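All remarks here apply to the structure that follows.
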Amino acid sequence: MAKVFIDGSAGTTGLQIHARLMARSDIQLLTIDEDKRKDPAERQRLMNEADVVFLCLPDAAAIEAAQLVTNPDTVVIDASTAHRCNLDWTYGFAELGLREKIAGAKRIANPGCHATGFISLVHPLVKSGLLPKDALLHCASLTGYTGGGKKMIADYEAEDRPVALASPALYAVGQSHKHLPEMKLLCGLDTEPVFCPIVDDYAKGMATTLMLHKSQLKPGTTLEMVWQALSDFYKGQKLVTVRAWDAPQGSIYANTRDGMDSLEIIVSGNDERMTITALFDNLGKGASGAAIQNMNIALGVDEATGLNV
C-alpha cells in the first residue's frame, strides 16, 4: 500500500486530491495534526515517510517544501507554478509522450489548468508541422470560479456578492498570466500567445479555445487535416479524446465535463477559419485529476485508477 502525504491539504486542490484518495483501498493517507501543520520538522518527517508527496501550496512555499524531501525514493508532485519550467522536473502531461519519463521521475510538475487546455491543442499541431513554431497565436480560456481557490469560491457563493460577479470577468489583461511561460515552453513556440482568461459564474469546467486563420497554418492545411493530426496524436489515450471533425457541433458549453478527469477536443469551423476547443474540468484534468494520474503512473498502476473518465 502506497503512503501519500498532501502538503497543503486545506486548499482547493489539496481537498480534491484528498477526497479522491480517501475512496481508494491501495492508498494510505498520512495526516498531520492540526497544531503541527506549520511545523517544518513534522512536515519533513511525514514527507520522507511517504512514497508520494503532493505539494498544494503557493509557489514560494512549494519551493521550500520540495527542499524538505531528502528521501531519494519519495516522488514529489508539485501542483504550483513553481517548477513547471524547471528542466530538472518532469512536466506531468503524460499524453505529450512523457508517460515513461513520469514513470521514472521523482520530481513531477503538475500542469496549470489554462495551460493544459492550450498545450493539448497547440503541442500536437506544432509537432505535426501544421502549425509553425513562429505562429502568432490567440487563445481565450473560460473557467469556473473554483479555479480561483477558496477566497474566489467564497466571493462567488456569498449571498451579498456584487452584481458584477454574475457576468464573465476577463482578467490578467496585461498579458502576464502565470501559465504563459509553460505554454510557450511545452509547445516549442517562439512567442507567447495573446491569452485571454475569463472566469464566469459557474463552479467547474473549462473551455480553452484556440482561434486560427488558414494563413497561420502550413499552406494547404484543411480543417479535416487539423482534426486528423489531433486525432492521430491522441489515438489510444484514456483521458484525452478528439471529437469527429464533421459531427454537428451546436453550442459548446464550458461546464460539459464538470466532475470528469478527462479532456475532450472539439475541432470546429471551416478551411478558412477554425476554432479548436479543449473541454475539461479545471479541478479534474486541470488540477487534482491530473495530479492523481501522475501519481498512478509513478506508482506503476493503471493511470485511470480512481479517476472519472
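The values are calculated or read from the model by the stated rules, or taken from the named source; none is laboratory data. The structure displayed is predicted, hence computed values, not measured ones. Every residue, glycine as well, gets a Cβ built from its backbone with ideal geometry; the counts of neighbours run over all protein chains shown.
The rows are residues; the columns are (1) closer than 18 Å to HIS18 by Cβ; (2) in contact (Cβ under 8 Å) with a residue 24 or more places away in the chain.
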position	(1), (2)
ARG43	yes, yes
PRO72	no, yes
HIS83	no, yes
GLY104	no, no
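Quick one: would you say ILE108 is among the aliphatic types (A, V, I, L, M), within 19 Å of GLN16 (Cα to Cα), in contact with a strand residue (DSSP E or B) (Cβ under 6 Å, 6 or more places away or on another chain) and crowded, with 20+ Cβ neighbours inside 10 Å?
Working: among the aliphatic types (A, V, I, L, M): yes; within 19 Å of GLN16 (Cα to Cα): yes; in contact with a strand residue (DSSP E or B) (Cβ under 6 Å, 6 or more places away or on another chain): yes; crowded, with 20+ Cβ neighbours inside 10 Å: yes.
Considered against the rule, which asks whether it is among the aliphatic types (A, V, I, L, M), within 19 Å of GLN16 (Cα to Cα), in contact with a strand residue (DSSP E or B) (Cβ under 6 Å, 6 or more places away or on another chain) and crowded, with 20+ Cβ neighbours inside 10 Å, ILE108 comes out as yes.
Given the options THR31, THR81, name the one that is of a type in the set (Val, Ile, Thr), out of contact with any helix residue (DSSP H, G or I) (no Cβ under 6 Å at 6 or more places or on another chain) and more than 17 Å from MET295 (Cα to Cα). If you could, list the steps in order and put the result at the bottom.
On the way: THR81 fails: out of contact with any helix residue (DSSP H, G or I) (no Cβ under 6 Å at 6 or more places or on another chain).
Step by step, each of THR31, THR81 is checked, and only THR31 is of a type in the set (Val, Ile, Thr), out of contact with any helix residue (DSSP H, G or I) (no Cβ under 6 Å at 6 or more places or on another chain) and more than 17 Å from MET295 (Cα to Cα).
Within the range 85-102, how many residues are without any contact (Cβ under 8 Å) to a residue 40 or more places away in the chain and in a loop (DSSP other than H, G, I, E, B)?
Applying the first criterion (without any contact (Cβ under 8 Å) to a residue 40 or more places away in the chain) to the range 85-102 yields 86-90, 97-98, 100-101.
This time we only want the ones that are in a loop (DSSP other than H, G, I, E, B), so: 86-89, 97-98.
The total comes to 6.
Take LEU30 and decide whether it is closer than 24 Å to THR116 by Cα, at pLDDT 95 or above and not β-branched (Val, Ile, Thr). Don't jump to the end; show me each part of the working.
On the way: closer than 24 Å to THR116 by Cα: no; at pLDDT 95 or above: yes; not β-branched (Val, Ile, Thr): yes.
Taking the combined requirement at face value, the residue does not satisfy it.
Give GLN293, GLN237 a once-over and let me know the one that is buried (at least 24 other Cβ atoms within 10 Å of the Cβ), modelled with pLDDT of 95 or more, under 20 Å from the mean Cα position of the chain (by Cα) and not aromatic (Phe, Trp, Tyr). Steps first, please.
Working: GLN237 fails: buried (at least 24 other Cβ atoms within 10 Å of the Cβ).
Unique residue meeting the criteria: GLN293.
How many residues are touching a helix residue (DSSP H, G or I) at 6+ places or on another chain (Cβ under 7 Å) and free of Cβ contacts under 8 Å to residues at least 40 places away in the same chain if we restrict to the range 261-309?
Summing the residues that are touching a helix residue (DSSP H, G or I) at 6+ places or on another chain (Cβ under 7 Å) and free of Cβ contacts under 8 Å to residues at least 40 places away in the same chain in the range 261-309 gives 1.
Give MET225, MET274 a once-over and let me know the one that is outside any helix (DSSP H, G or I) and either of a type in the set (A, V, I, L, M) or within 20 Å of the chain's Cα centre (by Cα) (or both).
Working: MET225 fails: outside any helix (DSSP H, G or I).
Just a single option satisfies the conditions, and that option is MET274.
I'm trying to understand the selection: among the residues of the range 254-284, which are surrounded by 22 or more Cβ atoms within 10 Å (Cβ to Cβ) and acidic (Asp, Glu)?
ASP261, ASP281
Can you tell me which residue within the range 128-179, out of those that are in a strand (DSSP E or B) and touching a residue at least 60 places away in the same chain (Cβ under 8 Å), is farthest from ALA229 (Cα to Cα)? Let's see the steps before the verdict.
Our first condition is that a residue be in a strand (DSSP E or B); within the range 128-179, this holds for 138-144, 169-170.
With touching a residue at least 60 places away in the same chain (Cβ under 8 Å) added as a condition, the list becomes 138-144.
Values: HIS138: 20, CYS139: 19, ALA140: 22, SER141: 22, LEU142: 24, THR143: 26, GLY144: 29 Å.
Checking each candidate, the answer is GLY144.
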